[in-house]
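Have a look at the structure below before the remarks.
Read-outs: derived from the displayed coordinates by stated rules, not from any lab. Note that the coordinates shown come from a computational prediction; the quantities given were computed from them, not determined experimentally. Positions of Cβ are generated from backbone atoms using ideal geometry, with glycine treated the same way; all protein chains shown enter the neighbour counts.
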């Protein structure tokens, strides 16, 4: 789900009551076998200024009636002019859509026996305003239709089925989905839960209903009432994982992946509050994805224990450390995910901000803040400033220093621990001293956890670091053995080079990376190039294996017999012993012997194995190594870092 608000929505007063908004009364008749759509929109307006309604130009407008008077056909394809003062507009249109693909998300509306997806494009006449709606969809009775909103009626007669939905509140978008689905229903805490699934995956319905109900209960208790009447899970005929208001649209093959209902589904349920229950006002950037990542993905990992949560925070910091300067942004500049690099900023950097905020104000105040925010801005647009104001109301504190630097400045600070020492105290015990320093432009306001390890256990202190340097002095009663700053990775900072083991994103993010295709046969070579194109953020720079650069970042991708002889020559050693011979493909990151530059090797059994991993691999770039069986990653992990530069051993005077 993308929490996106177009800038044109800023012209609309967000405090408008739903009764004052345009209301679309849609009647849609679909013939999936022929890909045909016929529809009428009876649009109720407030008699305000002139408007332009936009309809995708693949459709043909049959008639336009304004306040009972027929008008001319649109002067421009897809543009319907509505004069000032109009209160009732009727538009009728028709068109033929292509059938859905099976291998990728389509680039526009599709309709066929296997499914219909009317989303993104202006499949009905839309303006630059939020709106309310009711929509009646007529399909053959072997099909079902679903949109967001309240299910008003669903009945079959005469070989056809008519289903009617109505909006629960103001909407920014309306998407329509159809398919040869089996419908299953449940209710949790007054919220209707529905699955609309292809018969081949209908057996997973109960699991999705139970999980969705659990997430609704979790977030209603944390944030406040669920903003919609229902939550829907619908299956797509193509590989997809898409989110909409009160609905998620998942490919049939995606639905069986075990992590979907245990993690991704919760992320989409939470978007009913963030992004759809509270809209994003983009003037100060997009707060929604970071807050959703923190309260969904990170929360689920936290429930597994402190180590998995620490691993996720380290993953975010590793990716930030590898982010090219051209992609580094202040949070206020992030609008929506356009590539993996933007996700690192808008999702992970922002989520880390919320980790630090909760650490600073406490879990109870954090909960109070999000509840205030949701209640104050229900079905209204909100900014980062509005979100900060809610937390300030919850704490009674000025929180600008906790927000503004990250919103207004690119980059993150680097930390250093200098001159650690131990001195005996006159009254007994020891004092550990050191200097905590930061770099990266003007000082950032930081609260840095510091731990001193002693013979009887750790001693913790949070150190305020608002300047370039801050002396530390910690008294301990037992002999100290080590001191470390931020050992649990709770500070938004740039990891040192030795803290970042090689991972796939080292090369994926690097515009200087050179790609070597080493494959047997034309089909395998084409598949290898496709892997490179999908994995790298920039267009691949392909070099012949015989002319590979002696140093610099490198991506080697191909088939096992062609890749293996290149490894030693390229300064990459051999396939790691822990990966050799496993799966249909192996991927690992390493450092080149010549200059220590990062390299990634993708070695697959054949062309089919390369084709299979092209889709999933770009989503797994936080790993150092992976083993694939077809398109499924059966094992993966991260190499140990070379060093922990914020940790120092301590020598106690008079002790050997």
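Expected output is a single nm value to one decimal: the length gained when fully extending between residue 544 and residue 619, i.e. 0.36 nm times separation in residues minus the C-alpha distance. What is it?
Extending this stretch completely gives an extra 24.3 nm.
Please give the direction-averaged projected area of the C-alpha convex hull for the stretch 22-173, in square nanometres with one decimal.
Answer in nm², one decimal: 9.2.
Taking a label point 7 Å from the Cα of residue 608 along the Cα→Cβ vector, which residues of the stretch 233-251 have an amide N closer than 12 Å to it?
Counting backbone N atoms under 12 Å from the label point, the list is empty.
Give the calculated FRET efficiency between residue 42 and residue 259 to the nearest 0.05, with a Förster radius of 41 Å applied to their Cβ-Cβ distance.
With R0 = 41 Å, the Cβ-Cβ based efficiency is 0.40.
Between residue 202 and residue 50, what is the spin-label point distance in nm, taking each point 7 Å from the Cα along the Cα→C-beta axis?
5.4
Tell me what the chain gives for mean residue ellipticity at 222 nm when only DSSP H runs of n ≥ 4 count, each as -39,500 (n - 2.57), the sum divided by the residue total, rounded to 500 deg cm²/dmol.
Dividing the helical sum by the residues of the chain leaves -6000 deg cm²/dmol.
Relative to the first principal axis of the alpha-carbon coordinates of the chain, what is the inclination of helix 384-395, with its axis defined by its Cα atoms, in degrees from 0 to 90 and to the nearest 10?
60
How much length is gained if the chain between residue 359 and residue 423 is pulled fully straight, taking 0.36 nm per residue apart and subtracting their Cα-Cα distance, in nm to one decimal?
19.9 nm
So if we plug the beta-carbon distance of residue 534 and residue 595 into 1/(1 + (r/R0)^6) with R0 = 25 Å, what FRET efficiency do we get, rounded to 0.05?
Calculated transfer efficiency: 0.40.
Would you list 460, 181 from fewest to most Cβ contacts within 10 Å?
Listing 460, 181 from fewest to most nearby Cβ atoms yields 460, 181.
Go through (1) 25; (2) 37; (3) 43 and flag the label whose value is the computed percent of Cα pairs over 41 Å apart for this structure.
Only one option fits the structure, namely (2).
Angle check, please: helix 306-322 long axis (alpha carbons) against the longest principal axis of the chain (alpha carbons), in degrees 0 to 90, nearest 10.
90
Kindly express, to the nearest 10 degrees and within the range 0 to 90, the angle between helix 363-376's C-alpha long axis and the longest C-alpha principal axis of the chain.
20
Provide the FRET efficiency to the nearest 0.05 for the residue 455-residue 302 pair, computing r from the beta carbons and using R0 = 30 Å.
With a Förster radius of 30 Å, E is 0.45.
Exposure proxy check: 578, 293 ranked by fewest other beta carbons within 10 Å?
If I rank by nearby Cβ atoms, fewest first, I get 578, 293.
Would you mind giving the average projected area, over all directions, of the Cα convex hull of the stretch 217-303 in nm² with one decimal?
It is 6.2 nm².
So, in nm, how far is label residue 142 from label residue 640 when the simple model puts each one 7 Å beyond its Cα toward the Cβ?
6.1
State whether the stretch 279-408 is rounded, prolate or oblate according to the following rule on the C-alpha gyration tensor (a ≥ b ≥ c being the square roots of its eigenvalues): a/c under 1.5 gives rounded; otherwise a/b larger than b/c gives prolate, and the remaining case gives oblate.
oblate
Test of understanding: what is the full-extension gain from residue 551 to residue 462, defined as 0.36 nm times their sequence separation minus their Cα-Cα distance?
Contour length minus the Cα-Cα distance gives 27.8 nm.
In whole Å, what is the distance between the alpha-carbon centres of the stretch 194-236 and the stretch 470-529?
Each part reduced to its Cα centre gives a spacing of 37 Å.
Take each of the peptides 524-532, 326-334, 488-496, 641-649, average the number of other beta-carbon atoms within 10 Å over its residues, and list them starting from the highest.
524-532, 488-496, 326-334, 641-649
Where does each of 166-176, 94-104 land if you order them by average Cβ count within 10 Å, highest first?
Result, highest mean first: 166-176, 94-104.
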